[in-house]
Amino acid sequence: MTDHRWAWTEIDLAAVRHNVRALRGLLAPGVEFMAVVKADAYGHGAVPVAEAAIEAGASALGVATADEALELREAGIVTPILIFSQPPLTVLGELIDADIAVTAYELDFLAALSGEATLHNATAAYHFKVDSGMHRVGATPADAPYILQEAAHLPGLALEGVFTHFATADIPGDWDAAAQLAAFTDTVAAMRSNGINAGVVHACNSPATILMPEAHLDMVRCGLALYGLHPAEASRKLVDLHPVMAVKARAGFVKPVSIGDGVSYGMTWRAFQSTEIATLPLGYADGIPRSASGKMSALVHGQRVPQVGRVCMDQCMFEVPAGEVTRGHEFVLIGEQGGERILMDEVSDAAQTITHETACALGRRLEHVFVDHDADNMSSDFSGAQSAEPARW
Ligand SMILES: *Cc1c(COP(=O)(O)O)cnc(C)c1O
């Protein structure tokens, strides 16, 4: 497929497995690991990432939308799946048929879910969401035990778990996160004293999994860290994560420019001296952030070279040492080459955003090449990309 284009992402499935094992290493025995693969696994490819995570011990999958859940089932994945919010009532029948658990936090939603389950002659699994302070979705701690008590009278429902979500877990020792955890555990205690079996109780996203071991409870839900991206500076010394996504391209065109020549829209960059410009065939429509124009680098022949001028929709330019780079030479925009490396954090910082957003954007249009450095095989023949020789057209 990459014969079609000289720009691609490399997705290292061995790194996914390593990260699941490293994160599970932080958990007490018996604590479950949910791999969060929403948004096409943060741009990494939901089905292959989910399969690799399951192989390494993930016992559940988390997604944001009904279609994301159905895609996993259609690929033959039988692992439990949870959708993190209340989907539209019009898709509930399909989700029940596919044995996909939904999140609930309102009694009228639970009544509709019960009605649909009865209609399908099946049991609808759900997890109940408590809003312990983030104020996004969920029932308040005051309402939650009451809603569950009422839901207990509805036929066809199976409460499989109760959960909450932290707003500030990436700040070590944060008081708001501690207050959320206390509000949540108090709410679960109130449910239990009302005779409700809360099932699997869970709260941790990636930063909480790494920084708040006291919040692990019965299961953790990791997205970002699964992809080898650190949710906080403080997490770097606590867990060894391997980056999963690399972004690579080959020079499509290389040419000299003279002193004073402008490059790209607006000519915001001009050559200070005679130099050479390599054009790579990827741009902001591929997730290379335009807001990071002129603030990024790439590796070519293991050396850093600066990106210059505005990033265009489908192309971007780099200043390269004269005479060293020709058409077809491989550039690494994110990843390793010749012992040097560029982390996704660097590109995200330059764009003043977070790696979650950068990864999602990079996953949208670029072809994924899945590699498995453990098995030392690649899903497409890319041996030519590893050599210093330029590829041929
Ligand atoms: C996205 C999400 C997660 C994963 O968060 P990360 O910080 O990427 O690990 C966990 N739980 C819920 C409810 C989410 O929406």
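Go through (1) away from the ligand (no atom under 14 Å from the Cβ); (2) touching a helix residue (DSSP H, G or I) at 6+ places or on another chain (Cβ under 9 Å); (3) in contact (Cβ under 8 Å) with a residue 24 or more places away in the chain; (4) open to solvent by 20 Å² or more (accessible area, probe 1.4 Å) for ALA112 and report which single condition fails.
(3)
Could you pull out the residue among ALA234, ALA249, ALA177 that is open to solvent by less than 30 Å² (accessible area, probe 1.4 Å), within 30 Å of ALA322 (Cα to Cα) and more than 12 Å from the ligand (Cβ to nearest atom)?
Values: ALA234 fails: within 30 Å of ALA322 (Cα to Cα); ALA177 fails: within 30 Å of ALA322 (Cα to Cα).
Only one candidate qualifies: ALA249.
What about ASP170, is it open to solvent by 40 Å² or more (accessible area, probe 1.4 Å) and within 11 Å of the ligand (Cβ to nearest atom)?
Answer is yes for this residue.
I need the full set of residues from the stretch 198-227 which are under 22 Å from GLU346 (Cα atoms) and open to solvent by 10 Å² or more (accessible area, probe 1.4 Å), in order please.
PRO207, ILE210 - these are the residues of the stretch 198-227 that are under 22 Å from GLU346 (Cα atoms) and open to solvent by 10 Å² or more (accessible area, probe 1.4 Å).
Would you pick out the residues in the stretch 272-295 that are open to solvent by less than 20 Å² (accessible area, probe 1.4 Å) and of a type in the set (A, V, I, L, M, F, W, C)? Explain how you work it out, then say what you get.
Here is the first cut: in the stretch 272-295, the residues open to solvent by less than 20 Å² (accessible area, probe 1.4 Å) are 275, 277-280, 282-283, 286-288, 292.
The answer is ILE277, ALA278, LEU280, LEU282, ILE288, ALA292.
What number of residues within the stretch 1-44 are within 16 Å of the ligand (Cβ to nearest atom), open to solvent by less than 10 Å² (accessible area, probe 1.4 Å) and part of a strand (DSSP E or B)?
4
Check the stretch 64-76 and report whether any residue there is within 13 Å of ALA158 (Cβ to Cβ) and surrounded by fewer than 18 Cβ atoms within 10 Å (Cβ to Cβ). Even if it seems obvious, please write down each step before you answer.
Residues of the stretch 64-76 within 13 Å of ALA158 (Cβ to Cβ): none.
Checked the stretch 64-76: no residue is within 13 Å of ALA158 (Cβ to Cβ) and surrounded by fewer than 18 Cβ atoms within 10 Å (Cβ to Cβ).
For the stretch 337-387, enumerate the residues that are part of a loop (DSSP other than H, G, I, E, B), modelled with pLDDT under 90 and open to solvent by less than 70 Å² (accessible area, probe 1.4 Å).
If the condition is that a residue be part of a loop (DSSP other than H, G, I, E, B), modelled with pLDDT under 90 and open to solvent by less than 70 Å² (accessible area, probe 1.4 Å), then ALA375, SER380, PHE382, SER387 are the ones that fit.
The values are calculated or read from the model by the stated rules, or taken from the named source; none is laboratory data. Note that the coordinates shown come from a computational prediction; the quantities given were computed from them, not determined experimentally. Neighbour counts run over all protein chains shown; Cβ positions are idealised from the backbone, glycine included. SASA here: full protein model, heavy atoms, side chains in, ligands and nucleic acids out. Shrake-Rupley method; radii C 1.70, N 1.55, O 1.52, S 1.80 Å.
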